[in-house]
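Report on the following structure.
No value in this document is a laboratory result; all are computed from the given coordinates. None of the values given here were measured: they were computed from a predicted structure. Neighbour counts are summed over all protein chains in view; Cβ atoms, including those assigned to glycine, are modelled from backbone coordinates with ideal geometry.
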Amino acid sequence: MTHRIHNILVLLVLVSAVVLSVSAQTLEEIDTELSNIYLTIDRYGSYGGEYDEEKLAAGNAAMINALKKYGGREDVLGHKLPKASDAIFIATSKDGNLRTYSWDASDGGTMHNFYVVYQYRGKDGKARVLTPDDDDNSGGSFVSEMFEMKTTSGPIYLLISNAILSTSLNTQSIKAMRINGSQLEKRANVIRTKEGLTNTVGFEFDFFSVVDRPERPVKLFQFDEKRKEFRFPVVIESDKFIQGEVTKRFIKYRFNGKEFVNVR
């Protein structure tokens, strides 16, 4: 019994040490740590000139582990993380309850692979995190922007997701999510299409049809908070851009109090 109590006490000490270590890190130190980790990923990735498969894998694992480690801290969720924001894509909801961290895994070629980590605040006020290893949410796309729409049943978050499939072929989509209690509902089916209710709509397009636009990533989805409406461009196959030319015509979806429906 004495030996068992000793083991329990040792375990408690170790757990306490880990908790103290995580909480002891300042926000500035965390910001710098995340930025430095991505510098390693970028350096040893397939686009950095010093490709090293093992060091690259270690860098991506370090980023996931760091975000998992600090994701439970509410002050991290509320901090802008300026250095990390210059290195990776960080998108935060208007109410501050949902954030995504996306970065290029740097293990691809003309087709890029991305990781996405979700951090959110549940209804109990606690910060939580979903990482690729426990949620399988790395799908080759990154989140560049996030809109928020208030409803009677709580906010709906509209995330803009981007994929780079080749030098010219890109995709952009909008994905609806909600926070239900302590869970992040990543597939909030509130968009009515011809095929039925879904959580996402999107399109493929030729990047060179919008290459002259100044912003990066290009912003093809627009959201009108007052009208509770989002819109995106009509994409057509043309002689010049057979993979999809972005036009100046738009498709609109408006929230009717229950779901988004297509409007003329």
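Listed values, structure above:
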{"read-out": "Sites K126 and E237, calculated FRET efficiency, Cβ-Cβ separation with R0 45 Å, nearest 0.05", "value": "0.40"}
{"read-out": "Relative exposure of H79, H112, judged by other C-beta atoms within 10 Å (fewest first)", "value": "H79, H112"}
{"read-out": "Computed Rg/Rh of segment 31-99, alpha carbon atoms with Kirkwood Rh", "value": "1.03"}
{"read-out": "Förster radius 22 Å - calculated FRET efficiency between A24 and S85 (Cβ-Cβ, nearest 0.05)", "value": "0.45"}
{"read-out": "³J(HN,Hα) computed for each position of segment 55-63 - Karplus, 6.51 cos²θ - 1.76 cosθ + 1.60, integer Hz, glycine/proline x", "value": "5, 5, 4, 5, x, 5, 5, 5, 5"}
{"read-out": "Calculated P(r) of the chain - Cα pairs past 23 Å, %", "value": "58 percent"}
{"read-out": "Chain lengthening between N36 and E225 when straightened (0.36 nm per residue, less Cα-Cα)", "value": "64.4 nm"}
{"read-out": "Segment 140-264 - percent relative contact order, Cα under 8 Å, separation 6 or more", "value": "18 percent"}
{"read-out": "Diffusion coefficient, µm² s⁻¹, Stokes-Einstein with Kirkwood Rh over alpha-carbon pairs of segment 76-210 at 25 °C and 0.890 mPa s", "value": "156 µm²/s"}
{"read-out": "Viscosity 0.692 mPa s, 37 °C: Kirkwood-radius Stokes-Einstein D of segment 131-239 over Cα pairs, µm²/s", "value": "213 µm²/s"}
{"read-out": "Karplus-derived 3J(HN,Hα), 6.51/-1.76/1.60, for each residue of segment 75-84, Hz, glycine and proline x", "value": "5, 5, 4, x, 9, 6, 6, x, 5, 5"}
{"read-out": "Pairwise label distance in nanometres, R249 with A57, each label 7 Å out on the Cα-Cβ vector", "value": "5.0 nm"}
